[in-house]
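Bear in mind these aren't lab numbers, they're just calculated from the coordinates by the rules spelled out. Note that the coordinates shown come from a computational prediction; the quantities given were computed from them, not determined experimentally. Methodologically, a virtual Cβ is constructed for each residue, glycine included, from the backbone with ideal geometry; neighbour enumeration extends over all protein chains shown.
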Amino acid sequence: MTDTSANRPGSATSLITPDARTKRRNRAEARFKVYGITAIGIGLLFLVVLLGSITVNGLGAFQQTFVNVPVYLDPAKLDKRGNRNIEEMKKVSTFGYNPLIQQGLLDKAAELGIETPLKKRKQMKAMLSASAAAKVRDFVLANPETLGQTVEFKLLAASRVDGYLKGRVQRKDVARDKNIDAEHLDLTDSLVAAGVVAKTFNLSFITGADASESRAEQAGIGVAMLGSFFMMLVVLVLSLPIGVAASIYLEEFAPKNRWTDLIEVNISNLAAVPSIVFGILGLAVFIQVMHLPQSAPLVGGLVLTLMTLPTIIISTRASLKSVPPSIRDAALGVGASKMQSVFHHVLPLAMPGILTGTIIGLAQALGETAPLLLIGMVGYIATNVPDGIAAGFLDPNSAMPAQIYEWAKRADPAYYERAWGGIIILLVFLLAMNIIAILLRRRFERRW
């Protein structure tokens with residue numbers, strides 16, 4: 001038998017018909033849902049705008065303009081004695097190759113019947129990268145039998161020519177530009193129509209090294225990626241065992257007293273310390289006191305290890321706490337020691353959270369720039385790939401965030417474009433690390 005207000009005659013309220021108070025509460029809940037959906041929409045909008053800006057500004061770095069130039073390798077200038085002796089041919093610097101390359105481009109334009117007021121070979125200098133002569137020289141030294149032949153080279157175009165084809169350089173701007181003028185842009189248009197100048201995928205941006213201010217079109221982030229790789233190895237090898245061991249001791253074995261409370265408070269405080277403070281600490285301890293090599297990935301890895309340890313310790317302790325106490329009690333009840341219960345039962349069950357926290361800490365360290373500023377990793381132009389594993393740790397190098405910072409502050413707009421391209425690569429690495437963390441958590445996660 002039911003007895004509700006809806007069935008009682010003369011009742012002031014009804015469960016079927018909501019009263020004014022219920023209506024106000026329902027309207028408040030509806031407004032809250034609208035506020036939440038609006039907040040999510042605004043967040044997604046900002047995310048789309050950010051990713052769109054990065055993509056639009058950075059995709060140009062993955063394309064580069066090349067010029068196909070037939071170069072006559074004049075033996076009278078490149079091998080004056082005619083004996084094909086490599087040591088003597090090495091004495092001819094890149095200055096000796098530049099006139100041949102410029103003449104080859106001028107002759108190519110004449111062969112195609114292109115009308116241009118640029119009649120002197122020196123005027124072709126603005127069309128080609130400063131790295132073109134070095135590429136031809138390396139080819140000749142590796143293939144001395146090609147002397148006396150006309151060889152077609154695919155050479156990098158100058159950064160202004162590349163910027164013109166990408167829309168970064170406008171015709172209205174060349175009047176104030178000392179590096180290029182309108183006649184060069186007209187010639188570029190004609191060479192593009194003839195297929196001599198074209199944009200292609202720029203693999204060297206991913207695999208190459210940094211370049212000087214005058215060769216922005218040659219700069220790549222590959223060596224800086226190696227620097228970040230060696231730094232992350234140092235961080236992983238040091239932070240994971242130290243952080244997990246400290247967490248296990250504090251959570252499972254350490255007595256609860258004022259000293260452990262002080263340690264826990266300090267760990268929490270260190271997690272909130274600005275990263276540049278760790279950079280100052282690394283500069284003072286690792287470089288000025290221990291005299292480790294400046295700008296080395298080893299020093300960068302040590303600094304980032306100090307910065308990452310609090311994050312790993314906090315996440316590991318949270319994972320250990322999430323394991324039900326019944327697991328420990330059951331292990332101890334069947335005769336296991338305290339250490340056996342921790343390492344055989346608790347630690348394997350907490351491993352998903354530990355791995356997730358570690359990868360997130362590594363991802364945070366991968367994107368840090370401020371600590372690297374203090375140890376000099378932005379004052380070094382990484383132009384060479386490390387010779388070996390020891391050189392990878394000890395030789396001066398850069399890292400991806402430091403390289404992006406260095407490119408962003410240079411004057412040539414081509415470096416600004418490469419900074420955006422470097423951000424895309426860095427985001428890809430960070431996204432991959434977070435995806436790995438999610439997959440590991442789902443792979444090893446157990447529910448009780």
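Here are the numbers for this structure:
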{"quantity": "Taking THR207, THR356 and counting other C-beta atoms within 10 Å, the order from fewest to most", "calculated": "THR207, THR356"}
{"quantity": "Gyration tensor (alpha-carbon) shape descriptor, the stretch 63-201, a/c threshold 1.5", "calculated": "prolate"}
{"quantity": "Prolate/oblate/rounded label for the stretch 358-415 (Cα gyration tensor, a/c 1.5)", "calculated": "oblate"}
{"quantity": "Between helix 297-322 and the chain: long-axis angle, C-alpha atoms, 0 to 90°, nearest 10", "calculated": "20"}
{"quantity": "Calculated FRET efficiency for the pair THR207/ALA175, C-beta based, R₀ 35 Å, to 0.05", "calculated": "0.40"}
{"quantity": "Residue order, fewest to most surrounding Cβ atoms within 10 angstrom, among TRP407, TRP259, TRP420", "calculated": "TRP259, TRP420, TRP407"}
{"quantity": "Angle in degrees between helix 258-271 and the longest Cα principal axis of the chain, rounded to the nearest 10", "calculated": "40"}
{"quantity": "Zero-based 10 Å bins, Cα pair distances in the stretch 306-392, whole percents", "calculated": "15, 28, 24, 17, 12, 5, 0"}
{"quantity": "Chain lengthening between VAL334 and GLU29 when straightened (0.36 nm per residue, less Cα-Cα)", "calculated": "104.6 nm"}
{"quantity": "Simple label model, 7 Å out from Cα along Cβ direction - LYS256 to LYS122, nm", "calculated": "8.4"}
{"quantity": "Flagged links, alpha-carbon separation over 25 Å, of LYS119/LYS172; LYS122/LYS154; LYS135/LYS409", "calculated": "LYS135/LYS409"}
{"quantity": "Mean-position separation - Cα centroids, the stretch 313-385 and the stretch 62-82, in angstrom", "calculated": "55"}
{"quantity": "Sorted largest first, extent of the stretch 373-448 alpha carbons per principal axis (Å)", "calculated": "57, 33, 23"}
{"quantity": "Gaussian network model of the chain, Cα within-10 Å springs - most flexible of VAL235, VAL69, VAL342", "calculated": "VAL342"}
{"quantity": "Order of THR94, THR22, THR311, THR305 under a 10 Å beta carbon neighbour criterion, fewest first", "calculated": "THR22, THR94, THR311, THR305"}
{"quantity": "3J(HN,Hα) from dihedral phi, the stretch 185-190, Karplus parametrisation 6.51/-1.76/1.60, rounded to Hz, x for glycine, proline", "calculated": "5, 4, 5, 4, 4, 5"}
{"quantity": "DSSP loop GluC sites (Glu not before Pro) with at most 12 other Cβ within 10 Å: longest gap in the chain", "calculated": "116-444"}
{"quantity": "Nonlocal amide H pairs with GLN63, under 5 Å, H built at 1.01 Å", "calculated": "ASN202"}
{"quantity": "Estimated distance in nm for a label pair at PHE139 and MET290, the labels positioned 7 Å out from Cα along Cα-to-Cβ", "calculated": "4.8"}
{"quantity": "Projected label distance in nm at PHE46 and ILE327, using a 7 Å step from Cα toward the beta-carbon", "calculated": "3.7"}
{"quantity": "Among ALA157, ALA30, ALA142: highest mean-square fluctuation, GNM of the chain, C-alpha pairs under 10 Å", "calculated": "ALA30"}
{"quantity": "Degrees, to the nearest 10: 413-444 long Cα axis against longest axis of the chain", "calculated": "40"}
{"quantity": "Cβ-based net charge around GLU252, under 11 Å, with every Lys or Arg adding one and every Asp or Glu removing one", "calculated": "+3"}
{"quantity": "Residues in the stretch 104-123 reached by a label modelled at ASP186 [backbone nitrogen below 14 Å; 7 Å Cα→Cβ]", "calculated": "114-120"}
